[in-house]
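Participant: Okay, handing you the structure first.
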Amino acid sequence: MTLSIFLIVSAALFCIGLLAALSRRHAIFILIGIEMMLAAANINFIAFWRFAPPTAQPTGVMVAIFSIAIAAAEAAVGLAMVIAVYRHFRTTNVDQLNQLKG
Amino acid sequence: MNTIAFTIVAIFTLTFALAAATNPRLMHAALSFAVMFLAIAASFFLLGAEFVGLVQVFVYVGAVAVLIVFTILLTRRDAEKARGFNWSGVVIAIAVFAGLVWAIMKSASVSVAPSVIKALTVKQIGVALMGSYVWPLLCVGVLLTAALIGALILVIEDKRQ
Amino acid sequence: MSSWITHNVWLIPAMPIVVAVFILSIGKHARMTSAIFAVLGQVMALAVSIFAFAPTLHTHGFRVVENFTWFTFGDQHLRIGFVLDPLAAAMLVMISLVGLCIFVFSIGYMAEDKNFSRFFAYLSFFSGAMLGVVVANSLFLLFIFWELVGLASYLLIGFWIERPSAAAAAKKAFITTRVGDMGFFLGLLLLYHVTGTLVFYDNGGGALEPAALAKIGSSVTLVALLIFCGAVGKSGQFPLHVWLPDAMEGPTPVSALIHAATMVAAGVFLVARVYPIFAVGAINGVTPSLEVVVWIGVVTGLMAALIAVAQSDIKRILAYSTISQLGLMMVSLGVGGVAAGIMHLLAHGFFKALLFLGAGSVIHGLHHEQDIRKMGDLRHLMPVTFATYAVGMMALSGVPFFFSGAWTKEEILHATESWPRSHVPHYLMMIGVVLTALYMTRQIIYVFFGNSRGHANEARESPRVMTIPLIVLAVCAIAFSVVLTPAWPWLSCYLMGVPTFTDVHDPSRAIDLLLLLDPEFTFRILISLVLVGAGIGFGVWLYRRAGDVDPLQQKFPAPFRFLENKMWIDELYERTVIAISALAARISDWMDRNVWDGIVRGFGFIGQLFGAFTTDTDENVINAGVDETTGGARGFGRVMSRLHSGQIQIYLGAVALGMLALLLFYAWLT
Amino acid sequence: MARSVDQIFIHAKEWLLSPLAGRAPDWVIQITSSLINIAAVLGVFLTLFALISVLERKILGRMQNRYGPNRVGPFGLLQPVADGIKMLIKEDIVPARADKVVHFLAPIVVAAAAILALGVIPYGRNMTPFVIDGGILFFFAVGSTTELAVFMAGWGSNNKFSMLGAMRAIAQMISYELPLIITVLPVVMVVGSLNPDKIVFAQKYYSFGFVPHWFVLTPWGATAFILFFVSGLVESNRTPFDVPEGESEIVAGHMTEYSGFKYATFFMAEYLGMFAVSGLAVTLFLGGWRAPLPWLAFIPSYAWFFAKLSVLLFVFIWIRGTLPRIRVDQMMNFAWKFMLPMAFTCLVSAAVWHYAGRRLSGWLWSFAVVALVYLALSLFLDTRKKFTPRTYRFAE
């Protein structure tokens, strides 16, 4: 049970998150993808905290906690936006939401 | 540390993540997303950070999953339409994964055995939070309030119409 | 009363000038009033001069000075003033008297002229200026009046402006005198620089007083010679005499007044006035500047006399005679006979004016005919003119005893004889006297004797208004000699400011007739008698049967033509000075046109060049460059905008790829 | 003697584990011990569920001056067996275009959540099935999954009523989850740990010889207990707040399309939820397995725990029998405008109580704070809200 395995699992999770964000057309899936990526990052933090030599302050854990809090806030705002976009454009299909094109 | 437990949990996480990413049915994807977070929490338990696991479950499964599901509900009209699935995303994801794995494999210092560590108690976390991390805690508090109020304003329907 | 006049001597020049201004202002048609006023002005001037002359008789070395500061400039004070001394007083009387006669004469002479009043304005303006020259106590004030005199002569010579020859003559006169005046002005500046003051007599501080003279030191010769240039220019001495014969273009009274009596005399008067400067450092009366004066005088006198013999125009003969006489005066001043020179100047003023007016009445009678070869046998037709003209001729040629010219000429020859440097001037002057007698007899014979030629027979006697001045002048010419005889050397002593011989020893024997019998004196009279007699006799013998063609011309045609053409001096100047100045003008014009203008145009060209250069660089370098970059920027912009497709997932994919690239780069690095 | 009786179950467990102790690897032992614990918990609570289901009907009957079910077995005590068999026999109908997977999973998740919550509560001295440092947090974390499960149920049955019921249930549970957690905070703050054993341990002293240090006896403790209890009612969708499956309105809420065994699981999950909440209430406020009086300590700890539990359950049932159902918006207002502020005041008064030295003066001060806020809220909360015209919004 070495750290690298944890890292590989989190990398895999990260890539799956990326896959979700990149390939799914639905707006919500992008958010889900992002949440996955964040979760992968958390796993890394905790893994490094766990495998690294013990330190006075549980910094890894702290960062993980804060990142969870922030991710939650981000998810909330993201979903609110998706709803607002849906109300305005009547679609959540990401391809059609390209009004910001240059 | 029991590798078996870890492998099971890892498998669970990845399968449900894949399900969440690729499941054509929206609701199933959202639910598998929630289950995936349960699995992740389990992996945190294995890593000895119960508190984080619990918080993870509490926040993600309890709140975010519900939010996602509600959002799906609110935007149900076009949920049924079959959505395309562009494969370039997949290619990029695989490439990135390969890159990361290469990076991990390359750095020797990473493959180290878990250090003996006494269980992390909630008290320690409390002390740390209130001690040197009190400032970030306040900021996160403010951030969360602001975010939620913002989300509310975004979504609230104007009753005056 | 008289003391008041000595202190207000400036009134004398002021009156004629005021009258001149008044005449000019009352317009052209008030002919008679202008004439009356002019004459009145002259009479007033004469009266005041006489009143001023009286007090100067009592004391010896009389001098009253009235100085004041004209203006101060920083710490320099320009002082000018008026002086009354025997020299000035005598000149004042002579000028005003001669002026008056000429004014009266010109009333008749200019009767038919349409610019009658303007003529009289100029005449009175001239006489005022001349009087000013005489009484000026400061070289600077003298220079001012000197210039006014020059201006007046220009206006009068060129009075008949419609005749081109008159205008040219006026211009020539003015320019030639200006050349002399330049030298005078430089002298004035140098004097001021050296002595610090220009006033002649300033109770001790004046330029002519010993203190200042000591200060002049080494540059005295230079100062004297420069001032002498002015005199040469104005009095028509050798190099600058060419303008005088041409000045005859003006009306005859003008010639009489200006070119006989007054203006030409100004040069001699100037030398006399500034004599102390010339005489500084004299070794038994000889200084370098005086030597120069002598030789210039000798050359002028001899040359003019020779030319006069070959002239055919009545007025030109008199003009050259004036030049010759002035040369004589310069010689007398040069050799130290200042009183003799001044006395000759005064006498000459009278009889030369007389001759000119006589010539004027002849011309008037012959309806403006001036060529003596077309005159003759006028003694019966114009008896008064003939008589007065004969008196003038006798005085000029120096017939002894009764005529003023003789005595002064005598004095001058006596002075040149005693000149220590050399006796050459003495002998040359004797020849001069002979030649003078010769050309005067030639002229009188041609005009009044012999058979009448041309329209001579229609001549009529001039009106009384013209003959009276002639008579007055004739009387003066004769009476003046009384004062000039050595027997009663009153005038010379008066002029020199020296007590007469008799006053000192025996006041009772004021007049010493016995002196006449003195053996040394009689020898001098005998010599002059011989010279004049030879001149007149040769002249009578030569010209008695003279026809149209001049006998001398028959005998010596080449030298005669040489003299008749005024020794080609005019042509010489034409080729040299004028040619040079023309050349200089052309050169400067060329320089200006090509060199300076070229330089300016060159700069202009450079400017144009630079302008052209900047425009086309701006055109195709900068603009083109800017267009390129903007085009490139727009192109790049378009490319980038396509990249921004608005698809979120593309962005995320790009991010991922970017990360991958970094990873690869990192891999490549390690 | 009392000790041995008290620890009887623990010794039983060790006895069971003894054959494995020597030989098997330790993870096997761990698993078997946790299995034993799970079996014990399930056994106890399923029997309790059965008992309570019938008792509830009998008590309700009694309250309504009638007998409850008394046909099946003596005094109707075998009624649950009958119901069980009925449930199992009934046909399990699954709606045609329902989301089969979600429909099937929903009851399982709900039951699992409830059972997990039970695993953390200390039933007696050393009788906490799973000792987790953040036990309380675990309880709530698991509690929060029930909302998702309810939603799955509502969504899975593809029925408007069930969907609507699910929405209501979730809204209700989310709104009351906040007060539920915040009321627990003072106890955790005072005790200084999230571990239920420590909390029970902190309540073991007696002041003046006979007054136990139960948190419920402190002013903030009392208010917190009441608030906690009410929130518990709402969490488990019990009577006054059983709006989701209000029979008269929307059939059975999110459980409409369920029948047969799935409905039984839902039913069971509901009761287990109730047991969990009241169990936690007992641990936090009523001194857990502590005897009320020092000299009563001889009675085994689990006895005390289950006594207190049964008291609370009786209250549950009692409330069910007496209070009418509350309208949804009233419930929401009550949650956000009354419960939340009061919960925060508990927190403040607990702080005042702690810093005033935990003695009598502290008691008075904290009482003053709570009373003050209660009065302020009751005055200013204008419950007679003038109702704006109701606007009906239908799901698009």
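Participant: Mind telling me which of the residues C:104, C:43 ends up being of a type in the set (Val, Ile, Thr) and crowded, with 18+ Cβ neighbours inside 10 Å?
Facilitator: Details: C:43 fails: crowded, with 18+ Cβ neighbours inside 10 Å.
On inspection, the qualifying residue turns out to be C:104.
Participant: If you scan segment A:78-96, which residues turn out to be over 21 Å from the mean Cα position of the chain (by Cα) and not in a helix (DSSP H, G or I)?
Facilitator: Passing the criteria: A:90, A:91.
Participant: Let me ask you something else. Only one of A:11, A:75, A:69, A:64 is in contact (Cβ under 8 Å) with a residue 24 or more places away in the chain, within 30 Å of residue B:126 (Cβ to Cβ) and assigned to a helix (DSSP H, G or I). Can you tell me which?
Facilitator: Working: A:11 fails: within 30 Å of residue B:126 (Cβ to Cβ); A:69 fails: in contact (Cβ under 8 Å) with a residue 24 or more places away in the chain; A:64 fails: in contact (Cβ under 8 Å) with a residue 24 or more places away in the chain.
Going through A:11, A:75, A:69, A:64 in turn, the sole match is A:75.
Participant: Going through C:625, C:632, C:637 one at a time, which residue ends up being within 14 Å of chain A (Cβ to nearest Cβ), in a helix (DSSP H, G or I), of a type in the set (Gly, Ala, Ser) and more than 24 Å from residue B:98 (Cβ to Cβ)?
Facilitator: Numbers: C:625 fails: within 14 Å of chain A (Cβ to nearest Cβ); C:632 fails: within 14 Å of chain A (Cβ to nearest Cβ).
Only one candidate qualifies: C:637.
Participant: Is it the case, given these coordinates, that residue C:83 is in a strand (DSSP E or B) and crowded, with 21+ Cβ neighbours inside 10 Å?
Facilitator: Details: in a strand (DSSP E or B): yes; crowded, with 21+ Cβ neighbours inside 10 Å: yes.
For residue C:83, the condition - in a strand (DSSP E or B) and crowded, with 21+ Cβ neighbours inside 10 Å - is met.
Conditions tested, residue by residue: (1) without any contact (Cβ under 8 Å) to a residue 40 or more places away in the chain; (2) in a helix (DSSP H, G or I); (3) over 28 Å from residue D:393 (Cα atoms).
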residue: D:112; (1), (2), (3): yes, yes, yes
residue: D:127; (1), (2), (3): no, no, yes
residue: D:137; (1), (2), (3): no, yes, yes
residue: D:171; (1), (2), (3): no, yes, no
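Participant: Could you count how many residues in segment A:1-34 are surrounded by fewer than 21 Cβ atoms within 10 Å (Cβ to Cβ) and either more than 12 Å from the chain's Cα centre (by Cα) or among the basic types (Lys, Arg) (or both)?
Facilitator: 8
Participant: Please work out which residue is farthest from residue D:85 (Cα to Cα), limiting yourself to segment D:32-60 and to residues that are among the β-branched types (Val, Ile, Thr) and surrounded by 13 or more Cβ atoms within 10 Å (Cβ to Cβ). Break it down into steps so the answer makes sense when it comes.
Facilitator: Filtering segment D:32-60 down to residues among the β-branched types (Val, Ile, Thr) leaves D:32, D:36, D:38, D:41, D:44, D:47, D:52, D:54, D:59.
Remaining after also requiring surrounded by 13 or more Cβ atoms within 10 Å (Cβ to Cβ): D:32, D:36, D:38, D:41, D:44, D:52, D:54, D:59.
Details: D:32: 30, D:36: 26, D:38: 24, D:41: 22, D:44: 20, D:52: 17, D:54: 14, D:59: 23 Å.
The extreme case among them is D:32.
Participant: Pick from segment A:53-102 the residues that are more than 7 Å from every other protein chain (Cβ to nearest Cβ) and among the small types (Gly, Ala, Ser): which of them is nearest to residue B:74 (Cα to Cα)?
Facilitator: The extreme case among them is A:78.
Participant: Would you call residue B:10 more than 25 Å from residue D:138 (Cβ to Cβ), surrounded by 18 or more Cβ atoms within 10 Å (Cβ to Cβ) and at the interface with another protein chain (Cβ under 7 Å from one of its Cβ atoms)? Break it down stepwise before answering.
Facilitator: Values: more than 25 Å from residue D:138 (Cβ to Cβ): no; surrounded by 18 or more Cβ atoms within 10 Å (Cβ to Cβ): yes; at the interface with another protein chain (Cβ under 7 Å from one of its Cβ atoms): yes.
Spelling it out, it is not the case that residue B:10 is more than 25 Å from residue D:138 (Cβ to Cβ), surrounded by 18 or more Cβ atoms within 10 Å (Cβ to Cβ) and at the interface with another protein chain (Cβ under 7 Å from one of its Cβ atoms).
Participant: While we're on this one: When the residues of segment C:193-251 are filtered to those that are more than 23 Å from residue C:72 (Cα to Cα) and aromatic (Phe, Trp, Tyr), which remaining residue is surrounded by the most Cβ atoms within 10 Å (Cβ to Cβ)?
Facilitator: The qualifying residue surrounded by the most Cβ atoms within 10 Å (Cβ to Cβ) is C:228.
Participant: Here's a follow-up. Residue D:311 - would you say it is modelled with pLDDT of 85 or more, under 13 Å from residue D:233 (Cα atoms) and in a helix (DSSP H, G or I)? Steps first, please.
Facilitator: Numbers: modelled with pLDDT of 85 or more: yes; under 13 Å from residue D:233 (Cα atoms): no; in a helix (DSSP H, G or I): yes.
Spelling it out, it is not the case that residue D:311 is modelled with pLDDT of 85 or more, under 13 Å from residue D:233 (Cα atoms) and in a helix (DSSP H, G or I).
Participant: Another question about this same structure. Would you please list the contacts, defined by Cβ atoms under 7 Å and residues six or more apart or on different chains, that run from a residue in segment C:157-172 that is without any contact (Cβ under 8 Å) to a residue 12 or more places away in the chain and aliphatic (A, V, I, L, M) to a residue that is surrounded by 12 or more Cβ atoms within 10 Å (Cβ to Cβ) and assigned to a loop (DSSP other than H, G, I, E, B)?
Facilitator: Pairs that qualify, where the first residue is without any contact (Cβ under 8 Å) to a residue 12 or more places away in the chain and aliphatic (A, V, I, L, M) and the partner is surrounded by 12 or more Cβ atoms within 10 Å (Cβ to Cβ) and assigned to a loop (DSSP other than H, G, I, E, B), are C:167/C:158.
Participant: Just name the residue that is nearest to residue B:4 (Cα to Cα) out of those in segment D:12-52 that are out of contact with any helix residue (DSSP H, G or I) (no Cβ under 7 Å at 6 or more places or on another chain) and aromatic (Phe, Trp, Tyr).
Facilitator: The selected residue is D:27.
Participant: Select from segment D:71-110 the residues that are surrounded by 15 or more Cβ atoms within 10 Å (Cβ to Cβ) and not in a helix (DSSP H, G or I) and list them in ascending order.
Facilitator: Result: D:72, D:77, D:78, D:94, D:95, D:98, D:99.
Participant: So residue A:100 ticks every box in (1) in a helix (DSSP H, G or I); (2) closer than 21 Å to residue A:22 by Cβ but one. Which box is left unticked?
Facilitator: Tallying (1) in a helix (DSSP H, G or I); (2) closer than 21 Å to residue A:22 by Cβ, residue A:100 fails exactly one: (1).
Participant: Does at least one position in segment B:85-96 carry a residue that is within 7 Å of chain A (Cβ to nearest Cβ), under 25 Å from residue D:157 (Cα atoms) and part of a helix (DSSP H, G or I)?
Facilitator: No: segment B:85-96 contains no residue that is within 7 Å of chain A (Cβ to nearest Cβ), under 25 Å from residue D:157 (Cα atoms) and part of a helix (DSSP H, G or I).
Participant: When you check residue B:57 against the structure, is it buried (at least 23 other Cβ atoms within 10 Å of the Cβ), free of Cβ contacts under 8 Å to residues at least 12 places away in the same chain, within 13 Å of chain D (Cβ to nearest Cβ) and assigned to a helix (DSSP H, G or I), yes or no?
Facilitator: Working: buried (at least 23 other Cβ atoms within 10 Å of the Cβ): yes; free of Cβ contacts under 8 Å to residues at least 12 places away in the same chain: no; within 13 Å of chain D (Cβ to nearest Cβ): yes; assigned to a helix (DSSP H, G or I): yes.
Taking the combined requirement at face value, the residue does not satisfy it.
Participant: Among C:341, C:327, C:301, C:336, which is the only one that is on the phi > 0 side of the Ramachandran plot and out of contact with any Pro (no Cβ under 8 Å at 6 or more places or on another chain)?
Facilitator: Details: C:341 fails: on the phi > 0 side of the Ramachandran plot; C:327 fails: on the phi > 0 side of the Ramachandran plot; C:301 fails: on the phi > 0 side of the Ramachandran plot.
Exactly one of C:341, C:327, C:301, C:336 is on the phi > 0 side of the Ramachandran plot and out of contact with any Pro (no Cβ under 8 Å at 6 or more places or on another chain), namely C:336.
Participant: Taking the condition within 13 Å of chain B (Cβ to nearest Cβ), assigned to a helix (DSSP H, G or I) and hydrophobic (A, V, I, L, M, F, W, C), does residue D:150 pass?
Facilitator: Taking the combined requirement at face value, the residue satisfies it.
Participant: Just to be sure, is residue A:56 of a type in the set (A, V, I, L, M, F, W, C) and not in a helix (DSSP H, G or I)? Talk me through it step by step, then tell me what you get.
Facilitator: Working: of a type in the set (A, V, I, L, M, F, W, C): yes; not in a helix (DSSP H, G or I): yes.
Yes, satisfied.
Participant: What number goes with the only condition from (1) surrounded by fewer than 17 Cβ atoms within 10 Å (Cβ to Cβ); (2) at the interface with another protein chain (Cβ under 8 Å from one of its Cβ atoms) that residue B:62 does not pass?
Facilitator: Here residue B:62 meets the rest and fails (1).
Participant: With respect to residue B:69, determine if the residue is at the interface with another protein chain (Cβ under 7 Å from one of its Cβ atoms), in contact (Cβ under 8 Å) with a residue 12 or more places away in the chain, over 30 Å from residue B:125 (Cα atoms) and among the β-branched types (Val, Ile, Thr).
Facilitator: Details: at the interface with another protein chain (Cβ under 7 Å from one of its Cβ atoms): yes; in contact (Cβ under 8 Å) with a residue 12 or more places away in the chain: yes; over 30 Å from residue B:125 (Cα atoms): yes; among the β-branched types (Val, Ile, Thr): yes.
Judged against the criteria, residue B:69 is a match.
Participant: Is it the case that some residue within segment D:197-208 is part of a helix (DSSP H, G or I), β-branched (Val, Ile, Thr) and within 14 Å of another protein chain (Cβ to nearest Cβ)? Give the derivation first.
Facilitator: We begin by selecting, within segment D:197-208, every residue part of a helix (DSSP H, G or I); these are D:197-202.
So of that shortlist, the ones also β-branched (Val, Ile, Thr) come out as D:199-200.
Still in the running and within 14 Å of another protein chain (Cβ to nearest Cβ): D:199.
Within segment D:197-208 (the criterion being part of a helix (DSSP H, G or I), β-branched (Val, Ile, Thr) and within 14 Å of another protein chain (Cβ to nearest Cβ)), the answer is yes, since at least one residue qualifies.
Participant: Please go through segment C:660-670 and pick out each residue that is within 13 Å of chain A (Cβ to nearest Cβ) and loosely packed, with under 15 Cβ neighbours inside 10 Å.
Facilitator: So in segment C:660-670, the residues within 13 Å of chain A (Cβ to nearest Cβ) come out as C:660, C:663.
Listed by number, the list is empty, since nothing qualifies.
Participant: Follow-up. Can you confirm whether segment D:276-298 contains a residue that is at positive phi and of a type outside the set (D, E, K, R)? It would help to see each step written out before you state the result.
Facilitator: The first filter runs over segment D:276-298 and keeps only residues at positive phi, leaving D:287-288.
Checking the rest, the ones that are also of a type outside the set (D, E, K, R) come to D:287-288.
Looking for residues that are at positive phi and of a type outside the set (D, E, K, R), one finds at least one in segment D:276-298, hence yes.
The values are calculated or read from the model by the stated rules, or taken from the named source; none is laboratory data. In this text, all values refer to a predicted model and were calculated from it rather than measured experimentally. All Cβ positions, glycine included, derive from the backbone under ideal geometry; neighbour counts span all protein chains shown.
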